[in-house]
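Each value in this text was obtained by applying a stated rule to the coordinates, not by laboratory testing. Only a predicted model underlies this, so the values are computations on that prediction, with no experimental measurement involved. Cβ atoms come from the backbone with ideal geometry, glycine included; neighbour counts cover every protein chain shown.
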Amino acid sequence: MKDDNMKIEWRSVLIAAVLFVIVLFFACAVRMPDLPLLQGRDGNDVWADESGLPYFLDPDSAFYVRISREIAETGQYGTADPVTGQLIDTLQYAPEGTSVKNKDMLPETAAFIWKVMSVFGKVDIQFVDFYFVFFFMLLTIPAAWILTRKAYLAVSGDKKGGAVLAGAVGSLLVTCAPAFVSRTLAGMFDTDIVHSFFVLLLMLLMTEMMLQASLKKGILLAICFGVTALLYKAYWTYSAFIFAAVAAAGGGVYVLSRLFMPSGTTKPTGRFRQWLSAVPVQLYLTIAALAGIFVATPFGRPMLTSLLGKVLAYSADDVNEMSGNNTILELRAPDFGPEKFCNWFLADLSDKSTTIVNGVGGLLVLIFVFVSMGYIIYRVAGMRKEGADINRVMVYLSVIGTWLIACLFMTGVGVRMVQFFAFPCAVLVGILAGVLFNKYITDKGNVSGKEVARNAVHIVAICAAVVLALTGSFLWGREIRSMMSDSLAHSMEWVKDNAGTEDAVVLSWWDYGYYYELDSGHPALWDGGTGTAKRLNIVGRILSTDDPKLCYSLIKMISTSGDKPVDMLTDKLGKAEGFDALYKVVVMDKDDSIKALTDEYGFGGSEAAELEALLHPSDPREVYLVMYETMTEQLGVFEYYGNWDYDGENTVPVKTVYTSLPDGSDDMSSTDKEVQEFFGKRQKEMLWRLYISGDTIKKSEVSDSEDDESSADEPAFEKVFEEDDGYVGFMIWKLSW
């Protein structure tokens, strides 16, 4: 008998090991951009760098790659500020740089893994970064497996027949949810990698805490929960505490359920006293009291306000408040489902967008999510009717149900949040898969043939849901391509090889900023993490103005003096008048600007002299203005920010595509009067003159030629690089002072 039990146990271990390997294989396979199954993209010849490694897929990855390389090579990230002694990143937000305080642990972890791997042979840190996602997949699978398995056992009444399948399906759908895969492909070295593991671990620890009968073990689990939340914050931002709060809210729902829905083992008299005597209740009330004290402190209260703001504010941005969020697609609320019904079962490839239905794996997955929730509620009702103890199943219903509802609500914050909603969905489908499998296999002899057949159909349907989710993930991997290309790489190589000074600045819109910093080795005016309202306004004006002197003067000022002159003007005059004064005074000569600052704007003599020196720096930095093809689609955005009305209404930006003309054609030689008027206006703007026309703008256009007649015919903007790899064309203009 003992030998038979050992055989059954080893057989279960072997089955679990095989299923784990299968889950790991698919979790890796859907993320491999160079897998033969995923080939067939247009322009594959521009996908690899000189080392043969594919380009990183998004700019944020370039930021973390640069940091991890710096940590691996020097042992630290940042350079000590000579004045304050604080570490700053000199490549971000030129010329000021940014503080490296509170940066996350992702690059440090990659650098540590690289050091371990380097003991066994030579390996490039960039290789570690490219495939780093698989490290967290190894952690995510067991976390999802254990949580789903334990939840299944609680719901099924410890029927182990479907436990292995429940864990396998739950972990497979977590790791292969299309919304999660679309943010964690190999080549995406970003914080999305860590979300699944930490969120699942928080939920698992909360359920285990609520199940404890031992106060000591409960306290230990509470400490582990807090440490996990702090680690999650170290890898992401303090927004990680949102999911700690979601897990805690699920525990709170369970604690209240013990009071208002006591199980059959609870005596009818002294209910409140019995409720207070329960270990989970005591533990939770203690933690809640400590959290309340923390929130009441000057440190905790602002953090709570900020967290609530992150959940509630992004999807309801004030259109009259200058913010780059309203142009970032991932911060826009997703649609529930795609337009085409056939795409409700796959990733919506028609418009390359993520909807809620597609993000979780398709309509079948979502249907089974609600069936699973309904079944768990039905089980609780049945157990209460029988007088059975419902506490264990209520723990999982409370935590997972709260998790599901909260994440569905948070999808309104933006498309990026769909991946979080996919996690509880995956766990619920895994639970249902285990229940159906158990009914079909273990309980097969106790039910009618009709019910066996029905359960078999349900199992086939769940298999179909899993297959469709995997198909959607594979298709996402095939469709997503890198923003990086040969022309971008070669343009930054040119800057790296030809820039005359170490502090030469790369100036452009923020989209490719992280790539500029990584591949040129020179500071960028701004990037995806440093887009302030000041840069939005000034760079928008630089690109959309039809006054070359204003464009030239603003570039000279912002690349050398940074935000300080803008701050001095807006602090004294307010935003509206401050920016009006900036655009008026920055094009004046020294004497006229000082006179205007003192007479018109009320600056004192020494203050006006200091401000004038910042507006017209005597030793300007070397500047490379980068223009690229897709900027021609964003002129409406540049105009929106560059012509901001601080006292009035601002219409949300729209793209202005040069080849999408007012007459509805794509004929740029059209004789339509409205089209001609359209081009008559556009041809004067700096974006058109530099990128479309390739005009040579002489110094006579940007300065008073009488002051220096000998240099009047010299170029103020000199084209030094141009390449179009068939994907995106890049052009670099060097400014001459």
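In the chain, the sites counted are trypsin sites (Lys or Arg not before Pro) in DSSP loop states with at most 15 other Cβ atoms within 10 Å, and the longest stretch holding none of them, exclusive of the sites, is 353-654.
Using a cutoff of 8 angstrom between alpha carbon atoms and counting only pairs six or more residues apart, the relative contact order for the range 482-631 works out to 27 percent.
With R₀ fixed at 35 Å, the C-beta to C-beta distance from Asp81 to Lys590 puts the FRET efficiency at about 0.70. Translational diffusion coefficient of the range 492-644 (Stokes-Einstein, Kirkwood radius from Cα pairs, 4 °C, 1.567 mPa s): 81 µm²/s. Hull volume per residue, based on the alpha-carbon atoms of the range 429-584 and their convex hull, is 219 Å³.
Evaluated at q = 0.07 Å⁻¹, a Debye calculation over the C-alpha positions of the chain (equal weights, vacuum) places log10 I(q)/I(0) at -0.59. Each eigenvalue of the Cα gyration tensor of the range 354-418, multiplied by 5 and square-rooted, gives one semi-axis; in descending order these are 29, 13, 6 Å. Per residue of the chain, what 222 nm ellipticity follows from adding -39500 (n - 2.57) for every DSSP H run with n ≥ 4, rounded to the nearest 500? Taking each H run of at least 4 residues, the total per residue is -18500 deg cm²/dmol. Look at Leu285, Leu202 and count the other Cβ atoms within 10 Å of each Cβ; fewest to most, that gives Leu285, Leu202. Taking amide hydrogens as placed 1.01 Å from N in the peptide plane, the amide H of Ala716 sits under 5 Å from those of Ile697, Lys698, Lys699, each at least 5 positions away in sequence or on another chain.
Based on the Cβ-Cβ distance from Cys342 to Asn498, what FRET efficiency comes out when R0 is 41 Å, to the nearest 0.05?
Working: r = 52 Å, r/R0 = 1.26.
Rounded to the nearest 0.05, the efficiency is 0.20.
Per-residue 3J(HN,Hα) values for the range 336-343, derived from phi via the Karplus relation 6.51 cos²θ - 1.76 cosθ + 1.60 with θ = phi - 60°, read 5, x, x, 5, 7, 5, 4, 7 Hz in sequence order (x marks Gly and Pro). Expressed as a fraction of 2.2 N^0.38 Å, the value expected for a compact globular protein of N residues, the C-alpha radius of gyration of the range 50-158 is 1.46.
Residues whose amide H lies under 5 Å from that of Arg31, counting only those 5 or more places away or on a different chain, are absent; hydrogens are built 1.01 Å from N in the peptide plane.
Computed from the C-beta positions of Glu629 and Val123 and an R0 of 35 Å, the FRET efficiency is 0.45 to the nearest 0.05. Cα-based radius of gyration for the range 107-178, normalised by 2.2 N^0.38 Å, reads 1.53. Cα gyration tensor of the range 510-572, axes a ≥ b ≥ c as square roots of the eigenvalues: rounded (a/c below 1.5), prolate (a/b > b/c) or oblate? In terms of gyration-tensor shape, prolate. The mean sequence separation of alpha-carbon pairs under 8 Å and at least six residues apart, normalised by the residue count of the chain, gives a relative contact order of 16 percent. Can you give the longest run of the chain that contains no GluC sites (Glu not before Pro) sitting in a DSSP loop with at most 16 other Cβ atoms inside 10 Å? Result for the longest clean stretch: 97-320. Modelled spin-label separation between Ile219 and Phe134, with each label point placed 7 Å from Cα along the Cα-to-Cβ direction: 4.4 nm.
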